[in-house]
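All remarks here apply to the structure that follows.
Nothing in this text is a laboratory measurement; each read-out follows from the coordinates by a stated rule. Just so we're clear, the structure is a prediction, and the values are computed from it rather than from any experiment. Here Cβ is always computed from backbone atoms with ideal geometry, including for glycine, and neighbour counts include all displayed protein chains.
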Amino acid sequence: MENNKLEKFYYDNNIVKHFAIATALWGAVGMLVGLIIALQLVFPFLNFNIAETTYGRLRPLHTNAVIFAFVGNGIFMGVYYSLQRLLKARMWNDTLSKIHFWGWQLIIVLAALTLVLGYTTGKEYAELEWPIDILITLIWVVFGINMFGTILTRRERHLYVAIWFFIGTWVTVAMLHIVNSIELPVSFMKSYSWYAGVQDALVQWWYGHNAVAFFLTTPYLGIMYYFIPKAANRPVYSYRLSIIHFWALIFIYIWAGPHHLLYTSLPDWAQSLGTVFSIMLIAPSWGGMINGLLTLRGAWDRVREDVVLKFMVVAVTAYGMATFEGPMLSLKNVNAISHFTDWTIAHVHVGALGWNGFLTFGVLYWLVPKMWGTTLYSKKWASWHFWIGTLGILLYAIPMYWAGWMQSSMWKEFTPEGQLQYQFLDTVKFMRPFYAIRSVGGLLYLVGALLMVVNLWKTAKQGNFVPEEAAEAPQLIKNVIVKGKEHWHRVVERKPFTMLVLSLVLVALGGMIEMIPTFMVKENIPTITAVKPYTPLELEGRDLYIREGCYTCHSQMIRPFRSETERYGEYSKAGEFVYDHPFQWGSKRTGPDLAREGGDKLRRMNSWHYNHMMDPGSISSGSIMPAYTWMFENLIDYECLPAKMKAMKTLGVPYTDDELNNCISLAQLQAKGIYDDLKKDEKNLLLSEDGLQQDHEIIALIAYLQRLGTDIALTPKK
């Protein structure tokens, strides 16, 4: 029998408060940076001709800020509040809670500083360099120890559905981060991905898709399962549906990553596997949405009056929309239209702004009055926030959907004579009005968030914060024999480590089945004899290309469509990328594809690249690309080349000992050749104050751009 004697204990609200403040603060910062980069695509002068404020450096800052700073802190806020109350236990260790909080804020600050300074791995959503990756791992382990310590000292026998999602999140994010972050350090803030080309692309989008799944989705589903019933004062609609939702979701989600790589050089079987599992995702995703919305049965009258429920209803609806659209975008005929366009941007932001943003806002509006023992300062302001934010989402998403359709249509349009109807720059010019409307939507969303911050601050001022919230519950007596037949899942709910292991097995299975053949079966990545490693100067130029975030706007993957082969040249082959650490296929074409850029030297002469990087608008009227004037002043770091070449050889790039020993002189010799060619046309060059010099970074970048696509000796049709 259970001991009915009540134990008194105290919930730790301090850690929840800290994460709540961080959520609001970093949310505003991340949204502000997002607004800036949106405006840069309309008004390129907002790049300010400063390296640290260009689109290529701010865009990774924006994505990392909203994902890991805003949503990340929102996750921890929701977990630390709900976990204690669901388990009837204080967090296991206050010191670990503090280390987790301050460690995570340190990671955010380091990420912000390093990304704007150009320290990046060049892998989307995983741009942070290896020392920060290690710090992320350590802090994630601290979080896990604290969470499982609390679970093991709980006073509730069964684990509620929200905790299942927290456990699944913790183990899967750990696996994703570690596998994708395997890299070879070159220096303190420089590394190369351990994987190359097609293999790197598969690992990256296995990580990238599932970062959305297990950082932006599963922990928020746990938060949904706790806070919607609390806010509505209603039980979860269906316990059985929650079981199906959890296990089906974590098993199926992990397989879907290859749908980001349809019509690329990834083997067809892997692409098809990603598509099949993406379509299957609709069922568990909509099961969760239905479970969330039907929890409000009998409370719909309150939704009209309660702003917290308004935010939550829209959030769950946005989750349903995004999780239906995602599988639809994985269909090859739809992906052929949407990929590389702003349609993907619209899709992502319906989830980010609607699902993550609105659910976070709803939780904050519910949580702050509770912890400060008061009522919300202004329900009217909160209602204004809701409508301003909703309008912001619409003004953001609708123009981007429209823009995506128009981009794809214009890229594929041919004249009656069989020629491409539009130059790529024509499509860029056509997009600017859509980008302007999108910026208005982003501004409205930010204004709503700032209104919330003021409202919550005034709410806190009028109340009294309770750092130690008293509670009492009977002690849990372990090893109690349960008589009678019991549902199998009730047994699992009593065993957190069993749930942990089962979750790990299910999520690891999909990744292993997709990756092992791609890595172990040579026929999946056929080599091309003509493809050679980058020269030392080209390797340095490639690193500069990555440093400046060029991959955020340009792809290097020509898909097998007539419109693309006519515009860019022969479609891309898997064997072309065997020396690319990391791969650079891109995910968005704000600018044209560069896979064959070096194959058109008659048009793209060295002088063309030189002037284009100095002042893009002078070469391509209407271009929204920023100028890179600092590359005409900064000198090439030749001294780093031996370490970079040695690292590449360790990764399997077949450099000879002669190339390793003489890499500096080889780079200088190639730089002199480019310099001499530019010197012939010096009178037509846009020179900086330093004039034309052989050792400027721009020379290395030109070397890289002129190399792209030349190994297979095919001339593109521009």
Spatially proximal lysines relative to Lys646 (Cα-Cα < 20 Å; intrachain offsets below 8 disregarded) | Lys190, Lys532
Which log10 I(q)/I(0) values, to two decimals, does the chain give at q = 0.07 Å⁻¹ under the Debye formula with one point per Cα?
-> -0.50
Label point at Glu52 placed 7 Å out along Cα→Cβ; residues across segment 93-125 whose backbone nitrogen lies under 16 Å = 109-120
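Quick one: net charge around Trp372, please, counting Lys, Arg +1 and Asp, Glu -1 for every other residue with C-beta under 13 Å from its C-beta.
Here the charged neighbours net out to +3.
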Quote to one decimal, in nm, the extra length available between Phe561 and Val531 on full extension: 0.36 nm per residue of separation minus the C-alpha distance between them.
-> 8.5 nm
Charge dipole (debye, nearest 20) of the chain; +1 at Cβ of Lys and Arg, -1 at Cβ of Asp and Glu | 3080
Just from its helices, what would the mean residue ellipticity at 222 nm be for the chain, if runs of 4 or more DSSP H residues each count -39500 (n - 2.57) and the sum is divided by every residue, rounded to the nearest 500 deg cm²/dmol?
-> -20000 deg cm²/dmol
Among all the lysines, which ones have a C-alpha under 19 Å from Lys680's C-alpha, if same-chain residues fewer than 8 places away are not counted?
-> Lys601, Lys672
Evaluate the distance, in nm, between pseudo-label points positioned 7 Å from the Cα of Gln419 and of Ile182 along their respective Cα→Cβ axes.
-> 5.1
Residue exposure sequence - Asp543, Asp94, Asp301 - by fewest surrounding Cβ within 10 Å | Asp301, Asp94, Asp543
When the Cα centres of segment 256-312 and segment 115-192 are compared, how far apart do they sit, in Å?
-> 24
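Quick one: compute the contact order of segment 319-476, relative version, from alpha carbon pairs under 8 angstrom and 6+ residues apart, as a percent.
34
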Cβ-derived FRET efficiency at R0 51 Å, Phe148 paired with Leu660, nearest 0.05 = 0.60
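Starting from the Cα gyration tensor of segment 536-707, take the square roots of the eigenvalues, sort them a ≥ b ≥ c, and report rounded, prolate or oblate (rounded when a/c is under 1.5, otherwise prolate if a/b is larger than b/c, else oblate).
Since a/c reaches 1.5 but b/c is at least a/b, the shape of segment 536-707 is classed as oblate.
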Report relative contact order for the chain in percent, whole number only (criteria: Cα-Cα under 8 Å, sequence separation at least 6).
-> 18
Return the aspartates and glutamates within reach of Lys230: Cα separation strictly under 17 angstrom, same-chain partners fewer than 8 residues apart disregarded; answer none if there are no such residues.
-> Asp301, Glu305, Asp306
DSSP loop GluC sites (Glu not before Pro) in segment 409-479 with at most 10 other Cβ atoms within 10 Å of their Cβ, which ones?
-> Glu417
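DSSP loop GluC sites (Glu not before Pro) in segment 1-67 with at most 13 other Cβ atoms within 10 Å of their Cβ, which ones?
Listed in order of number, the matching sites are Glu2.
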Please work out whether segment 339-491 counts as rounded, prolate or oblate from its C-alpha gyration tensor, where a ≥ b ≥ c are the square roots of the eigenvalues and a/c under 1.5 means rounded, while otherwise a/b larger than b/c means prolate and anything else oblate?
-> oblate
Once you mark the chymotrypsin sites (Phe, Trp or Tyr not before Pro) that are in a DSSP loop and have at most 15 other Cβ atoms within 10 Å, what is the longest gap between them in the chain?
-> 189-464
As a percent rounded to 5, the proportion of antiparallel DSSP bridges among beta bridges in the chain is 95
